[in-house]
Amino acid sequence: MTSNLAYSAYTQNNIGVESPEKLIQMMYEGVLRFNMQAKRSIQENNIERRTYWVNRSNAVITELINILDFNHGEVSLYLAGLYTHQLRLLVEANLYNDTSKLDEVNQVFKGLLEAWKESTDVANRA
């Protein structure tokens, strides 16, 4: 039910989202894009842009935590912990100009994106 809030926010902003499943995919992809921009900003020593892009990633991950449905068992608890850890890594990346922390977050989100695509493809075929 909470995922409908995020879905509604996107559709009200005239962004075409086919489904709540697609919205999650877009959020994962957004984190990856924002982190790439943050990494570039660190390499260019642009503190203002680094902070902007890290904050964008933080906002998306925070929303991912907010839309978790804890009625679906332990997977929600696992994801909450995983997302929270990623937020911590982003803070460290921002504080210490540490691109390796961004790389670590990206590895996690690449894995999540791949798993999400596989699970939604299987669900759509069923």
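Just so you know, all these numbers are worked out from the coordinates, no wet-lab data involved. Values in this document were obtained by computation on a predicted structure and should not be read as measured data. Virtual Cβ from ideal backbone geometry, glycine too; neighbours counted across all protein chains shown.
Residues with beta-carbon under 13 Å from that of residue 23, excluding residue 23: net charge, scoring Lys, Arg +1 and Asp, Glu -1? It would help to have the intermediate numbers written out before the result.
Values: positive: 22; negative: 18, 21, 29, 63.
Within the 13 Å Cβ shell, the charges total -3.
Taking other Cβ within 10 Å of each residue's Cβ, how do 114, 104, 74 sort, fewest first? Show your work: numbers first, answer last.
On the way: 114 11, 104 18, 74 8.
So the ranking, lowest neighbour count to highest, is 74, 114, 104.
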Between the Cα axis of helix 99-125 and the main Cα principal axis of the chain, the angle (0 to 90°, nearest 10) is 10
Ranking 119, 41, 57, 76 by Cβ neighbours within 10 Å, fewest first, what do you get? 119, 76, 41, 57
How big is the dipole moment of the chain about its Cα centre under a simple scheme where the beta carbon of each Lys and Arg is +1, that of each Asp and Glu is -1, and everything else is neutral? Debye, nearest 20, please. 320
Going by alpha carbons, how many degrees (0 to 90, nearest 10) lie between the helix axis of 74-96 and the longest principal axis of the chain? 20
Angle check, please: helix 47-66 long axis (alpha carbons) against the longest principal axis of the chain (alpha carbons), in degrees 0 to 90, nearest 10. 20
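Treat the count of other C-beta atoms within 10 Å as a stand-in for reagent exposure and order 24, 61, 47 from fewest to most. Please report the intermediate quantities before stating the final value.
On the way: 24 19, 61 23, 47 12.
Arranged by neighbour count, lowest to highest, 24, 61, 47 become 47, 24, 61.
Net charge near residue 119, counting Lys/Arg +1 and Asp/Glu -1 over other residues with Cβ under 12 Å of its Cβ? Don't jump to the answer; show the numbers that get you there.
Values: positive: 117, 125; negative: 21, 114, 118, 121.
Net charge in that neighbourhood comes out at -2.
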